[in-house]
1. From the list Thr474, Thr480, exactly one residue is touching a Pro at 6+ places or on another chain (Cβ under 8 Å) and within 16 Å of the ligand (Cβ to nearest atom). Which is it?
2. Is there a residue being within 14 Å of the ligand (Cβ to nearest atom) and either modelled with pLDDT of 95 or more or in a loop (DSSP other than H, G, I, E, B) (or both) anywhere in the stretch 366-381?
3. Return only the number of the condition from (1) part of a strand (DSSP E or B); (2) away from the ligand (no atom under 16 Å from the Cβ) that Ile494 does not satisfy.
4. May I ask you to list the residues in the stretch 382-394 that are within 26 Å of Asn261 (Cα to Cα), part of a helix (DSSP H, G or I) and more than 16 Å from the ligand (Cβ to nearest atom)?
5. What pairs can you find where one residue is in the stretch 470-494 and within 9 Å of Gln444 (Cβ to Cβ), the other is among the basic types (Lys, Arg) and within 16 Å of the ligand (Cβ to nearest atom), and their Cβ atoms are less than 6 Å apart, with a gap of 6+ or different chains?
6. Hey, Val448 hits all of (1) exposed (fewer than 13 other Cβ atoms within 10 Å of the Cβ); (2) within 33 Å of the chain's Cα centre (by Cα) but one; which does it fall short on?
7. Please note which strands (runs of 3 or more DSSP E) are completely contained in the stretch 227-322 and include at least 3 residues that are among the hydrophobic types (A, V, I, L, M, F, W, C) and either touching a Cys at 6+ places or on another chain (Cβ under 7 Å) or within 16 Å of the ligand (Cβ to nearest atom) (or both).
8. Collect the residues in the stretch 395-420 that are more than 14 Å from the ligand (Cβ to nearest atom), assigned to a helix (DSSP H, G or I) and closer than 16 Å to Arg290 by Cα, keeping them in residue-number order.
Amino acid sequence: MQIPVIVLDFGSQYTQLIARRIRELHVYCEIWPYTTPLDKVKAAAPKALILSGGPASVYEKDAPHIDKAFFELGIPTLGICYGLQLIAHKLGGSVEPCEAREYGRAFVDIDSPEPLFEDLVGGPRAASGEGGSRIEAWMSHGDQVKTLPQGFVSLAHTGTSPHAAVGDTKRKIFGVQFHPEVAHTPLGIKVLGNFLFNVAGVQANWTMNRFLEEQMALVREKVKANDRVVCGLSGGVDSSVVAALLAKAIGKQLTCVFVDNGLLRHGEKESVERVFRDHFKVDLRVIDARKRFLERLAGVTDPEQKRKIIGREFIAVFEEEAKTLSNASFLAQGTLYPDVIESVSVKGPSQTIKTHHNVGGLPEVMKLTLIEPLRELFKDEVRLLGKELGVPDHIVHRQPFPGPGLAVRILGDVTEEKLDIVKAADVIVERELRQSGHYDALWQAFAVLLPVKSVGVMGDNRTYANTVAIRCVTSSDGMTADVGDIPVRVLSHIAGRIINEVKGVNRVVYDVSQKPPSTIEWE
Ligand code: XMP
């Protein structure tokens with residue numbers, strides 16, 4: 001497949017966001033490290049190049065640079081922040097530290113609407129400023145372009161940046177000092193669109209439906225008539241979408257393995273059975289390994305130890321089952337694009353490809369070939385694909401759930417009795433938050449069983465029982481998190497239900513810690 005747009009990554013924290021925005025415009029694009037050889041880019045013949053931002057200064061000794069020849073390929077190019085400065089530096093202009101660092105919200109005065117700012121000045125969000133039109137934009141830079149290279153003109157400025165947007169229309173090379181990819185630049189997506197469609201002549205034809213057709217064709221080409229594909233199904237978004245895609249592409253040659261480790265939420269197994277066995281008609285093997293996991297976990301209190309045991313046991317169970325399948329030659333996994341991007345760290349390109357799979361080691365041991373149909377997608381795109389495939393909403397929009405499951409939500413050793421408590425409390429937390437309309441705004445909401453007993457009174461009797469903590473957080477990626485703003489009356493109602501309905505609990509507390517410094521899960 002031809003890649004219409006390549007984003008060269010110079011280490012910005014927003015690089016992935018650039019790619020996501022471009023894809024929102026229905027244009028497929030990939031992120032490549034700035035160290036990619038010129039010939040490789042030339043061979044790919046993209047219709048447009050985007051140079052991302054980055055934390056370095058172009059004039060520093062080890063700053064990431066690309067060969068000047070990149071600008072002689074005749075490929076329309078847009079530099080963002082550091083990308084703009086690099087264009088200026090490479091093509092004979094100059095870049096210097098700003099007198100005043102520009103960080104945060106800024107107003108960009110547009111001097112020439114064509115071609116980047118067309119149809120956006122005077123739009124609903126653009127406010128008219130003195131002597132021209134202006135848009136709101138997000139800035140984050142300590143350097144700025146001082147003099148422009150030959151052939152370039154300034155297209156916009158701010159109070160402190162004379163060259164907030166520049167361009168050489170003849171060579172089709174442009175740059176913006178602000179970040180069009182972030183939400184704080186409300187019209188940024190239009191700026192990207194103007195560059196892609198008006199300058200580079202890219203077509204907006206990448207849709208989930210097309211992606212699905214392409215992936216299905218690829219899978220059918222790879223998997224021959226006698227092959228069998230094994231897919232570990234956890235009930236989470238990624239593995240569910242992979243399974244649905246494969247069910248549609250190769251149907252009868254797919255076997256899904258669902259390991260019931262006893263550490264799943266209430267009703268999880270039944271939901272997977274309903275969706276995949278009944279609806280998608282998949283050959284689903286549900287393995288009851290509850291006893292086995294509990295035995296291995298008996299008396300283990302250290303969280304990392306628990307994780308290791310669960311990971312190892314999962315592979316063992318999965319492997320035993322996979323071995324019983326004749327012709328198993330492929331293993332399907334829900335690897336996503338952020339897991340495979342070669343990330344450029346602040347210190348320079350790390351070149352390490354992050355691997356992330358819950359059946360680590362298995363493909364090599366069993367000589368299975370990997371099938372990873374989602375490896376080009378971001379999480380939100382996986383959800384769209386799931387919808388396209390008819391995966392039910394409760395799966396497509398489900399909250400993240402840790403691989404080691406409820407074992408990390410029971411502090412201390414894991415027993416059947418504790419699992420029952422945490423599952424029952426969890427159901428109440430979810431139901432009540434849905435009922436009160438708070439659930440959908442949260443990244444995660446769950447119950448944790450603490451190793452703390454306290455005194456209470458029920459009826460005429462004194463109790464000495466367990467404590468449950470409720471954790472509700474908002475987050476965009478799980479890396480940082482805020483405390484869910486749940487009214488005390490809702491929390492207190494949940495507490496009342498838990499204490500009344502879940503045997504062994506007489507106190508409920510609400511976790512009001514942010515991440516960082518606290519983590520989302522308690523273990
Ligand atoms: P923390 O607790 O580190 O969690 O703030 C961040 C996100 O990752 C999830 N999480 C895990 N997911 N295996 C997983 O697959 C794990 O061991 C694990 N630990 C935490 C957590 O639920 C949150 O979404």
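1. Thr480
2. No, because not a single residue in the stretch 366-381 is within 14 Å of the ligand (Cβ to nearest atom) and either modelled with pLDDT of 95 or more or in a loop (DSSP other than H, G, I, E, B) (or both).
3. All conditions are met except number (1).
4. Gly386, Asp393, His394
5. Here the result reads Ala481/Lys515, each pair linking the stretch 470-494 to a residue that is among the basic types (Lys, Arg) and within 16 Å of the ligand (Cβ to nearest atom).
6. So Val448 meets the others, but not (1).
7. On the way: elements: 228-232, 254-260, 283-288.
Those strands (runs of 3 or more DSSP E) span 254-260.
8. Result: Glu416, Glu417, Lys418, Leu419, Asp420.
The values are calculated or read from the model by the stated rules, or taken from the named source; none is laboratory data. Small disclaimer: the values here were computed from a predicted structure and weren't measured. No Cβ is skipped: glycine too gets one built from the backbone with ideal geometry, and neighbour counts run over all protein chains shown.
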